[in-house]
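Chemist: This structure is in structure tokens; I'll ask about it shortly.
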């Protein structure tokens, strides 16, 4: 995405929602969110990191994490990697826990992530997806303004 969208997606009606930036998120809470959101998609990168390594990444000044709460419960999170500014900001992780999928929250929350990234004035914002993500992930990313630029093949280890 090379241009900031002209408007945010409004919050869906019928939910009490809060999007909150987490500063110095406790590791156990990060691991909980990462597993709840990432397990169905076999996320790997942070899964087996030792505490010190994980803390150095998620507590870095170049990482921002925001949590979506719906009706008082954690419903998803996104993580921004700002280490390559001003060239690019990356939405490193984005997703909803399974219980909150299909409730009309994805476009609103993705809009929050996109605007969070653009708040740092990058030249572009990137997000990656793969065939293990939601079948609608690529579609929603494109509807929100992302353009596919590359593809690769990799083998992923399944969660136990």
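Chemist: Look at the range 135-157 and say how many of its residues are touching a residue at least 60 places away in the same chain (Cβ under 8 Å) and in contact with a strand residue (DSSP E or B) (Cβ under 8 Å, 6 or more places away or on another chain).
Modeler: Residues meeting the conditions: 1.
Chemist: For residue 57, which of the numbered conditions (1) touching a helix residue (DSSP H, G or I) at 6+ places or on another chain (Cβ under 8 Å); (2) crowded, with 17+ Cβ neighbours inside 10 Å; (3) within 29 Å of residue 2 (Cα to Cα) fails to hold?
Modeler: (1)
Chemist: Identify, by number, the condition in (1) more than 21 Å from residue 84 (Cα to Cα); (2) in contact (Cβ under 8 Å) with a residue 40 or more places away in the chain; (3) exposed (fewer than 13 other Cβ atoms within 10 Å of the Cβ) that residue 160 doesn't meet.
Modeler: (2)
Chemist: Only one of (1) assigned to a helix (DSSP H, G or I); (2) touching a strand residue (DSSP E or B) at 6+ places or on another chain (Cβ under 8 Å); (3) free of Cβ contacts under 8 Å to residues at least 60 places away in the same chain fails for residue 67. Which number is that?
Modeler: (1)
Chemist: Restricting attention to the range 104-140, report how many residues are closer than 14 Å to residue 9 by Cβ and either in contact with a helix residue (DSSP H, G or I) (Cβ under 7 Å, 6 or more places away or on another chain) or at pLDDT below 95 (or both). Write out each step before concluding.
Modeler: So the first thing to find is which residues in the range 104-140 are closer than 14 Å to residue 9 by Cβ, and the list is 104-116, 118, 140.
Still in the list and also either in contact with a helix residue (DSSP H, G or I) (Cβ under 7 Å, 6 or more places away or on another chain) or at pLDDT below 95 (or both): 104, 106-107, 110, 140.
Residues that pass the stated criteria total 5.
The values are calculated or read from the model by the stated rules, or taken from the named source; none is laboratory data. These numbers were taken from a predicted model, which means no experiment stands behind them. With ideal geometry, Cβ positions are generated from the backbone for all residues, glycine too; neighbour counts draw on all protein chains shown.
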